[in-house]
Structures are given as structure tokens and as C-alpha cells.
Amino acid sequence: MTISADASKPAPWPFVPSPRAVDVTHAEGCTLYTKDGDAILDAAGGAIVSNIGHGRREVAEATAEAMTKMTYAVPPFVTPERTRLVERLTRAWLPPHLTRIYLASGGSESVDAAARLAVQHFRAAGDTKRWKVIGRDISYHGTTMFTLDIAGHEARKRGFEQLMHDMPHAPTPYALRSPLGRHHPDFDVAAAQALEDIIVREGPETVAAFVAEPITGSSGGALMPGPRYWPMVQEICRKYGVLLIIDEVMVGFGRTGKRFASEHFDIKADIMISGKGLAGGYAPIVGVYATEEVTAPLADKGQALMFYTYGAHPGACAAADKVLQIMEEEDLVARSAEKGKALAERLEALLGQHPHVAEIRGEGLFRGLEIVKDRETLECFPEEAAVAGRVVAAGLKQGVFFYGGGTGTVRDIVCVGPAFIVSDAELDRIAETLKVAIDKAVESASK
Ligand code: PLP
């Protein structure tokens, strides 16, 4: 693996020079290859992005064809690639009530647009009082200033607090560390009730939306909400006229073994965002999906939702359309469920009783592990020990890439999320290497 070790001569990439940069030349299936000829098994699909695996020529060909026909058209214009993608999303992927589709090139800008849409919805309908967007205390929604504001990711917000409005935050249901006690049966109800308390305290007439991930992504390591959380939250949002924004940027498009994680909990969002898996890493594209009721006041007033210049790029739309076609033809959402179960069994067998693994969580091919200093007391390693980072580094040394997570306050999280085409032999290697990496990380942190 190529490491640029000489700090006096920083490599041209990345932006802030790093001695730990990995020099990747190409990729195939679930494997990345480095300049030195090493192979890295990608147990995280990059940043939980790659779902059909690397190197599918048909996607490149569809993208090339689109780009040859036309380079660029402003996002509101209709193009064949946009029409094909929107029709496929409507026909085969989205919940039927989400009929309006807006396309951006990343998760942060999509969540930002969703929040803008919520506020604009009320303004266009003549309600100028609703402007607050409630987030949750363990969450990640992106790295623009507003998405940082609504998120509960302390480490990434640190130092920028003065630039934020300090939006309200409701608790994320967290069974392992519920304020009622570890795995208290009412942990989900308590978290939902706390949301209602916050809406009432803030003044329901000032709240435009509540934004949350259905299964928390890497900030919490696949935190599962419990059976009563989402029914209660939906009821609360309806009661106070608050729009429900569901962020499926990480967990959508088959990652959890269903098309969207919302399906596990019968969530009917007013606005949903999803997209890492939309083009599976072949192109930068993420969607915001809304109901007719949400966009109707804008249409009535002749308003648009302001676009991003590269939103709905024809090449990206063609790539996404082909990736989704492959997912459908190869039944990859079902494969995510099946391989996810196989992954969970392997992780449980090797790490379920590990003295430093507090919990293994998740659904489908999205699994999170919480690593602790003491499994009995749930004491964490100090933040400076950066144990999750050590696990990732130790995994890379063994030729497997894991995705580190946690928020600083919540730590140490490691996520596993390979492409849906992962083989059983690769799953064996992922689980075995993760055990070695955790052992090595804990050993080095304890010295
Ligand atoms: N929302 C969630 C749930 C995410 O996991 C992420 C990224 O990991 C984002 C939003 C931000 O997406 P992006 O990095 O594409 O801006």
C-alpha cells in the first residue's frame, strides 16, 4: 500500500496532506487495487455507497452514451435520461405517495434542499411562522452549515457552533444506553415522547419539520429505533402539523434488505432523501422525494425549489437508471437481505461475546459495532485513543477496509456494509479480519 510518508513533500492529493492516504488505481467487484499491487477487500462499499460492486461496464457505457449526446442542460429542462430515471424510480422504487422527485449531486445538499422545501412549503401557503427544523442528538445529515446544525454530530460541528442557529434536537432512540436503563423496554416510547415535549416547548406553530434517519447511519452505528418509535413519531408529527423528513441517504436503495429502511417500520414520510446507493458510486446523484401535498403550495404560487447547477446531470441520471436496472434484474435487494443475515451470523459468532464489543446492530448489509473499554459498565475508551480509527487502520493493514463512525461523544463505532454482490468467502474474511483488527486496536490503545 502506498503511503506518502515524507511530510516535507506533501503529495498533491488529498487537499490537506495526510501520511495515511491510500493510493488506489482501480477496482473490481468488492476489491480495490493499490499502486503497489495490494488488494483491499472493501467491506464498507466506500462510504456505504457501492451496492452493485465496481467495474460494471454497462453503467459506464450508458453514462458515455448520455454524455456523448449532450453535456449539460439546466436541471428544470426535460431530457431523456431524466425522464427515464424518474419513470423507473416511480414505477419500481419509491413509495407510491412520493411522486415528486428533485435530484442533487450529494447527500448534504439534498438534505439542505429538503429543509428548504419544508420551510418554503409553509411560506408559500401563507404560514411564515414555521421555520424550525428539529433534528436528533445522534445523527448525521451532511456537512453544509445547515445540515451540520440540524445533525447531532459533535465532532463535526466542533468549532463552527457560532455559525449555527442551534436548532432543537430530540433524542435518538438508543436501547443500549437508554436514559431509562440498558435495553429498557420503553426506550422507544421515551424517545418519541421527548420529541413531543420539544415540539410543545418550542411552540408547534414555529416548527416546520422533524428530520431523522430511520436506522441511524454511521454516527450511531446502525442504531435500531424499537417497534413503537416510528408509529408514535408519525402520530406526533401529524398532530402538530410538522412535516416528517426521512433521511435515507445511507440506508436507502436496498442497503438494509428492503428498498428503503422506512419499509421496515411502515414510515410514510412527507419528504424522503436517498441516494448513496442510487447510482452505487458510479455517479454523484442523490434524490429528494416529496408528496404532491408538499409541493402543491409552491406550484400554486408559481415557485420552484432552487436547483443546484449540477443537479440531475444527464450522465448521472443515465448511470443511476442503469444501476437500478441491474439491481432489479439481479434481484439485489433480496440478496442484500440474504447476505446481510449471513454477515450478521458471522459477526455474532466471532464477536458477539467479545469483551470489547458492546453490541452488533443493523439490518441487511448495514451493520454497526460499538466498541467499549468495558462491556459490563459500557465505559468507553477515551476520545483521544481514537479506537475506531485504530480498527480501520488495523483492518487496512490486513487488506480489508471498514468504515469508522461515532460522533465523538458517541464512540467507538465501526460500520460494515459491502456491496450486495459480496460472496460468502468474502464475508468470512470480513468477520475474521474485523476480529483481528479490534483485538489489535484495543491492544495498542491500552498500552
Ligand atoms: N445523510 C446521511 C444519513 C449520511 O449518512 C450522509 C453521509 O454519510 C449524508 C447525509 C451526507 O451526504 P454527502 O456526504 O453525500 O453530502
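In the chain, taking the dipole from charged Cβ atoms about the Cα centre, the farthest positive-side position among 79, 98, 391 is held by 79. Helix-derived [θ] at 222 nm for the chain: sum -39500 (n - 2.57) over DSSP H runs of at least 4, divide by residue count, nearest 500? Taken over the chain, the calculation gives -11500 deg cm²/dmol. What the stretch 57-329 shows is 41 Å² of accessible area per residue, with the surface traced by a 1.4 Å probe over protein heavy atoms. The H on the amide N of residue 359, modeled in the peptide plane, is under 5 Å from the matching H of 370, each at least 5 residues off or on a different chain. When the Cα convex hull of the stretch 302-447 is projected onto planes of every orientation, the mean area is 12.6 nm². Using only side-chain charges placed at the Cβ, +1 for Lys and Arg and -1 for Asp and Glu, the dipole size of the stretch 331-445 relative to its Cα centre rounds to 240 debye. When Rg and the Kirkwood Rh are both derived from Cα coordinates, the Rg/Rh ratio for the stretch 57-329 amounts to 0.97.
Taking a ≥ b ≥ c as the square roots of the eigenvalues of the alpha-carbon gyration tensor, the stretch 29-183 is classed oblate because a/c is 1.5 or more while a/b is no larger than b/c. Apply the a/c threshold of 1.5 to the C-alpha gyration tensor of the stretch 159-274 and tell me whether it is rounded, prolate or oblate. Rounded, since a/c falls under 1.5. For the stretch 257-263, 3J(HN,Hα) computed residue by residue from phi via the Karplus equation (6.51, -1.76, 1.60; θ = phi - 60°) reads x, 10, 4, 10, 4, 3, 5 Hz, glycine and proline entered as x. Straight-line cross-link partners of residue 373 among the aspartates and glutamates, defined as a Cα under 16 Å from its Cα and at least 8 positions apart when in the same chain: 359, 383, 384, 412, 439, 443.
Phi angles across the stretch 351-360 convert, under the Karplus curve 6.51 cos²θ - 1.76 cosθ + 1.60 with θ = phi - 60°, into 3J(HN,Hα) values of 10, x, 10, 5, x, 10, 10, 6, 6, 10 Hz, Gly and Pro given as x. Peptide packing for 87-94, 138-145 was compared via the average number of neighbouring C-beta atoms within 10 Å per residue; ordered from the highest value, the list is 138-145, 87-94.
Taking the accessible area of the stretch 331-445, probe 1.4 Å, and keeping the other protein chains in place, the carbon and sulfur fraction comes to 50%. Taking the Cα centre of the chain as origin and assigning +1 to Lys and Arg Cβ atoms and -1 to Asp and Glu Cβ atoms, the resulting dipole is close to 500 debye.
Taking the protein heavy atoms of the stretch 256-301 in the context of the full set of protein chains, the accessible area attributed to carbon and sulfur is 46 percent at 1.4 Å.
In the structure shown, the pairs 239/322; 132/322; 132/268; 239/301 are assessed against 29 Å; a Cα-Cα span above that value is assigned to 239/322; 132/322. The 3J(HN,Hα) values that the Karplus relation (6.51, -1.76, 1.60; θ = phi - 60°) gives for the stretch 107-120 are, in residue order, x, 4, 5, 6, 5, 4, 5, 5, 5, 4, 4, 4, 5, 5 Hz. Gly and Pro appear as x. By accessible area, using a 1.4 Å probe on protein heavy atoms only, the stretch 109-154 has 55% of its surface on carbon and sulfur. Straight-distance candidates among the aspartates and glutamates for linking to residue 258, with alpha-carbon spacing under 18 Å and chain neighbours fewer than 8 residues away dropped: 213, 247, 248, 266, 328, 329, 330, 331, 338, 363. Normalised by residue count, the stretch 66-145 yields a Cα convex hull volume of 157 Å³ per residue. Of the GluC sites (Glu not before Pro) found in the stretch 347-447, those that fall in a DSSP loop while having at most 15 other beta-carbon atoms within 10 Å are 376, 379. Across the cross-link table entries 35/397; 339/440; 397/435, which are compared at the Cα atoms, the separations over 19 Å belong to 339/440. Heavy atoms of the protein chains alone define the surface here; on that basis the stretch 331-445 has 38 Å² accessible area per residue at 1.4 Å probe size. Amide H to amide H distances under 5 Å link residue 137 with 170, 172, where only residues 5 or more positions off or on other chains count and H is placed in the peptide plane. Here the chain carries DSSP beta bridges of which approximately 65% are antiparallel, counting only pairs with both residues inside. When the Cα positions of 352, 421, 336 are compared along the charge dipole of the stretch 331-445, 421 comes out farthest toward the positive end, with charges on each C-beta of Lys, Arg, Asp and Glu.
The values are calculated or read from the model by the stated rules, or taken from the named source; none is laboratory data. These figures come from a predicted structure and were not determined experimentally. Note that we place each Cβ from the backbone using ideal geometry, even for glycine, and neighbour counts take in every protein chain shown. Keep in mind that these areas ignore ligands, DNA and RNA; they rest on the heavy atoms of the full protein, side chains included. Shrake-Rupley method; radii C 1.70, N 1.55, O 1.52, S 1.80 Å.
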